[in-house]
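Read through the structure below, which is laid out as structure tokens, and then see the notes.
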Amino acid sequence: MPRHLSRVRERREALIDKTLAAVQERLTKEINYWDRRAAELRALEAGGRQPSQRLNAALAQQRADELAERLARRKEALALQRQISASAPVVVGGALVLPAGLVGGASAAGQPVDRAIVEAIAMQAVMEREIALGHSPRDVGKEKLGYDVESLDPTTGRLRFIEVKGRRADADTITVTRNEILTAINSAEQYILAIVLVAEGRAQSVHYVRRPFTQEPAFAVTSVNYDWRELVAPEHGAPASRRPPADESG
């Protein structure tokens, strides 16, 4: 919670500072204008000249005073927004954790774990990896964006688009859809292919692959199978740019 509070406070204060600067500049200009206009009208009135019936010195000064009050109220409201504190956590649900052997797709005799379980384990491993790196990950798999995790890097303010592929440790290939490949090419700087190998009900290793794809699939192709070893290991033919960063590969 302290880390999350710190990230929220940093983003909120940056926005408040920007808003305050803009409000201060705009309203100060208007206040100065109406103060100056009031002074000019008072000078005309003192000289015996009658200003426009629609605007006189008193009305101009009233507008300047109202703007000054408005600026003061806005500053007070922004000051209150800086007072950020963490609320007590509220439990909204629970999770029942069972041994893999009791789940329908697995058995205590060592049968392959169900695909949905493998994918869930892989997602959890990637989410934990992103949090450990100081990022703020969010599961967007159901939104069909071409990736599964949207992770904010608070240092740069940029989002990382992570497609998660969970596979049993003895699997040879991963399947990537056309949409995932096109998203990887179009968002090459932000896109990461995370390959998670699962064994004995846990994530055995996590590999981050950057720029995994360089060529669009043919028009009629809906998905492509890749040898995951070719993607994560340069010695198997993958270019050096695909090598996962030292702090991100499991």
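Couple of notes before you dig in:
- Residue check, residue 247 modelled with pLDDT under 90, loosely packed, with under 15 Cβ neighbours inside 10 Å and not assigned by TED's automatic domain parsing to the domain that holds residue 120: yes
- Test set (1) farther than 19 Å from residue 225 by Cα; (2) not in a strand (DSSP E or B) - residue 137 fails condition number: (2)
- Hits in segment 59-89 (condition: charged (D, E, K, R) and either over 24 Å from the mean Cα position of the chain (by Cα) or not in a loop (DSSP other than H, G, I, E, B) (or both)): 63, 65, 66, 69, 70, 73, 74, 75, 76
- Here the condition is being surrounded by 15 or more Cβ atoms within 10 Å (Cβ to Cβ) and either under 27 Å from residue 222 (Cβ atoms) or in contact (Cβ under 8 Å) with a residue 60 or more places away in the chain (or both); of 202, 129, it holds for 129 alone.
- Test for residue 129: is it among the basic types (Lys, Arg) and part of a strand (DSSP E or B): no
- Residue count for segment 49-95, restricted to those that are farther than 30 Å from residue 21 by Cα and either assigned by TED's automatic domain parsing to the domain that holds residue 116 or in contact (Cβ under 8 Å) with a residue 24 or more places away in the chain (or both): 1
- Residue 11 vs. criteria over 30 Å from residue 157 (Cα atoms) and either hydroxyl-bearing (Ser, Thr, Tyr) or not in a loop (DSSP other than H, G, I, E, B) (or both): no
- Filter result (part of a helix (DSSP H, G or I) and more than 23 Å from the chain's Cα centre (by Cα)) within segment 163-188: 178
- Residue within segment 204-221 that is in a helix (DSSP H, G or I) and either on the phi < 0 side of the Ramachandran plot or small (Gly, Ala, Ser) (or both) present: no
- Here residue 50 passes the criteria (1) part of a helix (DSSP H, G or I); (2) polar (S, T, N, Q); (3) more than 30 Å from residue 132 (Cα to Cα) except the one numbered (1).
The values are calculated or read from the model by the stated rules, or taken from the named source; none is laboratory data. Since the model is a prediction, treat every value here as computed from it, not as a measurement. Positions of Cβ are generated from backbone atoms using ideal geometry, with glycine treated the same way; all protein chains shown enter the neighbour counts.
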